[in-house]
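First the structure, in the form of structure tokens, and then the observations on it.
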Amino acid sequence: MNVLDVILPVLLLMAVGFVGRRLKFLTADGVDSIKNIVMKVILPVAIFNALASATFSGESFVAIGVLLAAIVASFGVGFLLRKLVREPYGKYLPFVVSVYEGGLFGYALYVSLVGKDNLSYIAMLDIAGLLFGFGVYMNVLRRVETGEKFSMRSFVATAFGTPAFVATLLGLIVGATGIYQSFVGTAAGEIYLACENMLTLPLTPLVLIVVGFNFSLRGELLAECFKTVAIRFVLQAILVVAVLTVFRWAEFAKEWQLAAIVLMSCPTSFSTQTFIPDPDGAEYVATTNSLYCAVTIVVYIVLAAIL
């Protein structure tokens, strides 16, 4: 697999959403329906299966913890830097400079570098993003959108009322206990895998179409998006160095180190804008994500040349 095999389908699907909005064969109501089915059905099933099928070890838990610390750090710094981006976009800065798009983008790039047999390294690291993303990130995003005051009771209720967060917890339990491995070898397990594959197959195209639908070429917006791209790049570069320092100190295999570089060079989760009802906010996040893909591609090309 080369870089064009990964990038061109992504760009094509984004183009479908972008052109669909301009030609009006995609409407805001239709895209909202797509968001609902992604958030409430397809994404939770994909998350559960990814975590349930993972193989855990002491080393993987350390790696997850290190990346989780990096995500929390970037999220916190994002709040401190909000005033660098003008409103109404500044409030979204913490969400755009933290978390990583692994499953829809980073995984394919990583596999093309080290092979499918090593996919578990980046998938393990991505668990940190899943836990933080659907336990804290989306919860705080909801409060930013609605203006609700923080309360632990409401926070917990919202988390457990989010299908993706429940899927994350269940997937971790099933994966850590080894139930999944025993189940998939049965006749019922084969039926489950067939259903899971059919249900989650549209995930990538649907999310990328939504990203493209919300992409904007307005000059005023692009200026803020380019500024955001620069902020995220500098912040993530610092964190990559910190994470690699820990991995090397712990003598982790180079696959872990490459996984960290690829994952942390990706844009924030493509699904973020599906959780933002404000059209201006969704447009800002989608446009920033689309622009940041160029950073990911450059990092990938450099890694491919070195390896």
Q. Can you list the residues of region 251-276 with backbone N under 14 Å from a point 7 Å past the Cα of R218, pointing along Cα to Cβ?
A. none
Q) Which whole-number percentage describes the relative contact order of region 1-145, with Cα contacts under 8 Å and a sequence gap of 6 or more? A) 27 percent
(Q) Test of understanding: what is the full-extension gain from I306 to A294, defined as 0.36 nm times their sequence separation minus their Cα-Cα distance? (A) 2.5 nm
Q | Loop-located trypsin sites (Lys or Arg not before Pro) in region 36-138, at most 14 other Cβ atoms within 10 Å (DSSP) | A | R86
Q. Using every alpha carbon pair in region 162-226, what percent of pairs falls into each 10 Å bin from 0 up to the bin containing the largest distance?
A. 16, 29, 25, 16, 11, 3
Q. Mean projection of the alpha-carbon convex hull of region 1-98 over all orientations, in nm²?
A. 9.9 nm²
Q) Rounded to the nearest 0.05, what FRET efficiency do K116 and I238 have when you use their Cβ-Cβ distance and R0 = 41 Å? A) 0.85
Q. Among all helices in the chain defined by DSSP H, which have a length of 27 Å or more along the axis from Cα atoms plus a Kyte-Doolittle mean of at least 0.0?
A. 3-23, 58-80, 219-249, 279-306
Q.
On a full-extension model of 0.36 nm per residue, what is the gain between N36 and R153, subtracting their alpha-carbon distance, rounded to one decimal in nm?
A. 39.7 nm
**Q.** Stretch gain in nm, segment V72-L201, where the contour uses 0.36 nm per residue and the Cα spacing is subtracted
**A.** 43.4 nm
Q | Range in the chain, longest, excluding exposed chymotrypsin sites (Phe, Trp or Tyr not before Pro) [loop by DSSP; at most 12 other beta-carbon atoms within 10 Å] | A | 151-307
Q. Which of the lysines could a cross-linker bridge to K227, judged by Cα under 18 Å and excluding same-chain residues fewer than eight apart?
A. K83, K91
Q: May I ask for the net charge around L11, where only other residues with Cβ less than 15 Å from the Cβ of L11 are counted and Lys, Arg are +1 while Asp, Glu are -1?
A: -2
Q: May I ask you to list the aspartates and glutamates whose Cα is less than 16 Å away from that of K24, ignoring any residue fewer than eight positions away on the same chain?
A: D32
Q: Show which lysines lie in cross-link reach of K116 when reach means a straight Cα distance below 30 angstrom and same-chain residues fewer than eight apart are skipped.
A: K35, K40, K254
Q: In nm, give the distance between the simple-model label positions of A188 and L81, each being 7 Å from the Cα along the Cα-to-Cβ direction.
A: 4.9 nm
Q. Relative contact order of the chain: what whole-number percent is it, with Cα pairs under 8 angstrom and at least 6 residues apart?
A. 33 percent
Q.
Less than 13 Å Cβ to Cβ from D29, Lys/Arg counted +1 and Asp/Glu -1: what total charge do the surrounding residues give?
A. +2
Q.
Given a 1.4 angstrom probe, what's the average accessible area per residue across region 33-119, in square angstrom?
A. 40 Å²
Q: Using a 1.4 Å probe over the heavy atoms of the protein chains, calculate the carbon and sulfur portion of the accessible area of region 1-75 as a whole percent.
A: 70 percent
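The values are calculated or read from the model by the stated rules, or taken from the named source; none is laboratory data. Here the structure is a predicted model, which is why all the values come from computation and not from measurement. Counting neighbours? That spans all protein chains shown, and the Cβs are built from the backbone with ideal geometry, glycine included. The area values use the complete protein model at the heavy-atom level, side chains included, leaving out ligands, DNA and RNA. Shrake-Rupley method; radii C 1.70, N 1.55, O 1.52, S 1.80 Å.
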